[in-house]
Amino acid sequence: MTAVARPIVFVSDFGLASEWVGTCHAVMNRIAPQSRVVDLSHFVRPLDIAGGAQLLVDSLSYVADDAVLLAVVDPNVGKDRDVAIEAGDGRLLVGPDNGLLAPAWQALGGVRRAVEITSAGIILEPVAPSFHARDIFCPAAAHLATGMEIEHLGRTLDAETLVGLDLSEPEVERDTIKCEVVDYNRFGNVQLNVRHAHLEQSGLDDAPELTIEALANSTRARRASTYADFGPDEYGVIFDPRGWLTIVRGNPANALEGLGLGIGDPVWIMRPSDPSAHAADVTESAA
């Protein structure tokens, strides 16, 4: 086995309040001390498979080509299969077989090989039923990082049996997009499942302002390129660094709170009836 010291890119929903991430690092360091572990994020919303999958696939272009991708968002830990996958382009992925890895391997050319991680020489015993990340996923990722061939991790799987995942897509019509809130950050900026292409398909790409309608509130939002382009309390829309249309609000206000939005809530984006008018203030719905 050749010690190639491949990096490991690690994403999870563990947070940092416990020892879980640190223990996972310790396990990988013991097996692959020359491999650098890159913590992509450990703040995926708890048990949010789709959110973790989207973060992973959005980050692929920034990850080293030889990196082992380790993703753990595992609501059914101990029930779903623990898998390692070699994608069509040769990238290696490790995680639960619950759809979390599917958008990434689809973006990387499909599945070339897949195995269930079952080898006694890989798994740390005794296995904690509620912590497969430490005892199964991390050892597998670390062994792959040292150059181990994927077939040594366990029995071969038919790629057709792997769990897929369809990420949410907006409904696009002329001058209207029905979308949903897929994420938000600590500043209250609201990420929608809308890309540049969706805005172009709707014909809204030339609109300097957009009407944003939520279930409880609506507002006009000016388009710009960065957060600093908006004045205090002003609503706006930009494309964030991951390429998602994002509702923002100038300091010190908070778009998420102002529009009363939450994850999964529907949002309608439309061309304003009077595009020359100034952006409207949020209109509160009747109590």
* Structure fact -> So for R0 = 25 Å, FRET eff. of Ser273-His196 from the Cβ-Cβ r, to 0.05, ends up at 0.55
* Structure fact -> Checked against the structure, the computed Cα extents along the principal axes in Å among (1) 63, 43, 34; (2) 59, 39, 32; (3) 67, 36, 33 is the one labelled (3)
* Give the order of Thr226, Thr219, Thr146 when sorted by the count of other beta carbons within 10 angstrom, beginning with the fewest. => Thr226, Thr146, Thr219
* Asked: Among Leu55, Leu204, Leu192, which one shows the biggest mean-square fluctuation in a GNM of the chain, springs joining Cα atoms closer than 10 Å?
  -> Leu204
* Listing Leu101, Leu210, Leu162 from the residue with the fewest other Cβ atoms within 10 Å to the one with the most, what is the order? -> Leu162, Leu210, Leu101
* **Among Asp175, Asp65, Asp206: highest mean-square fluctuation, GNM of the chain, C-alpha pairs under 10 Å** => Asp206
* When only C-alpha pairs under 8 Å and at least 6 residues apart count, what is the relative contact order of the chain, in percent? -> 15 percent
* Ellipticity estimate at 222 nm from DSSP helix runs (n ≥ 4, -39,500 (n - 2.57)) divided over the chain, nearest 500 -> -4500 deg cm²/dmol
* **For Ser218, distant residues with modelled amide H under 5 Å away** => Thr283
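If we count GluC sites (Glu not before Pro) as exposed when they sit in a DSSP loop and have at most 12 other beta carbons within 10 Å, what is the longest stretch of the chain that avoids them all? Walk me through the numbers on the way to the answer.
Numbers: sites that count: Glu19, Glu149.
It works out to 150-287.
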* Structure fact -> Within the range 91-168, DSSP-loop trypsin sites (Lys or Arg not before Pro) with at most 14 other C-beta atoms within 10 Å are Arg155
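Taken together, the values in this text are just the output of simple stated rules run on the coordinates, not laboratory data. Since the structure is predicted, the reported quantities are computational estimates derived from the model, not experimental observations. Counting neighbours? That spans all protein chains shown, and the Cβs are built from the backbone with ideal geometry, glycine included.
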